[in-house]
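Here the structure comes first, spelled out in structure tokens, and everything after it is commentary.
The values are calculated or read from the model by the stated rules, or taken from the named source; none is laboratory data. All of these numbers come straight from a predicted model, not from anything done at the bench. Quick reminder, even Gly has a Cβ in these numbers, built from the backbone with ideal geometry, and neighbours come from all protein chains shown.
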Amino acid sequence: MRANRDELARVAKQHAAAEAASDIATTLATLEDDPVYELATLGSSFRGKDAARAYYEHFFGTFQPWIAGYELLGQWLTDEGLGEEYWLHLALPDGRRESHRIIGILVFGQTRLAGERLYASERLLRLMLGPAYAIAVKQTAALTHEI
């Protein structure tokens, strides 16, 4: 039986707080057993806890230190998930500064999050996802080949 919207919204907020705290164990614990991360602007995705772990290890260890600031532009809650839109400001190791717009939707599952749907530029997704970007390309190619 599916949890109600308020319960799932609490899970989504717990997930966001765990991400902000670089807490990989709690972040992964908020996910269903086979989460799907959709790179909506690229038409690709990756799935599974191993792929999610690869993403978050890179996100916390490499990408998060590059975040110089952000602005929350909007947040909304529906029966399908919790969405957030941001300007993300990066200070990269080579001294360059970049700003990117991103929309992330934490997609509700049965009792936890079924994954996330990301709308962002290819550049930002490559920086943010690290090895999970390559996993998405490989998994998407395998699915396309099966069809």
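What number of residues within region 22-50 are more than 20 Å from residue 10 (Cβ to Cβ) and over 12 Å from the mean Cα position of the chain (by Cα)?
So the answer is 9.
Within region 1-40, how many residues are of a type in the set (A, V, I, L, M), over 19 Å from residue 86 (Cα atoms), in a helix (DSSP H, G or I) and in contact with a helix residue (DSSP H, G or I) (Cβ under 9 Å, 6 or more places away or on another chain)?
Going through region 1-40 one residue at a time, the tally reaches 4.
Pairs, please: C-beta under 7 Å, at least 6 apart or cross-chain, first residue more than 16 Å from residue 115 (Cα to Cα) and in region 3-29, second modelled with pLDDT under 95 and surrounded by fewer than 16 Cβ atoms within 10 Å (Cβ to Cβ)?
none
In region 8-27, is there at least one residue being surrounded by 18 or more Cβ atoms within 10 Å (Cβ to Cβ) and within 17 Å of residue 124 (Cα to Cα)?
Checked against the condition, which is being surrounded by 18 or more Cβ atoms within 10 Å (Cβ to Cβ) and within 17 Å of residue 124 (Cα to Cα), region 8-27 yields no hits at all.
Using the structure shown, decide if residue 53 is basic (Lys, Arg), at pLDDT below 95, under 14 Å from the mean Cα position of the chain (by Cα) and under 23 Å from residue 124 (Cα atoms).
Against the criterion (basic (Lys, Arg), at pLDDT below 95, under 14 Å from the mean Cα position of the chain (by Cα) and under 23 Å from residue 124 (Cα atoms)), residue 53 does not qualify.
So which residues in region 85-110 are over 16 Å from residue 36 (Cβ atoms) and of a type in the set (Val, Ile, Thr), if there are any at all? Let's see the steps before the verdict.
Within region 85-110, the first condition is being over 16 Å from residue 36 (Cβ atoms), and the residues that meet it are 85-103.
Matches in region 85-110: 102, 103.
Given region 41-147, what strands (runs of 3 or more DSSP E) lie entirely inside it while holding 1 or more residues that are touching a residue at least 60 places away in the same chain (Cβ under 8 Å) and buried (at least 17 other Cβ atoms within 10 Å of the Cβ)?
Output list reads 44-47, 81-91, 97-108, 113-119.
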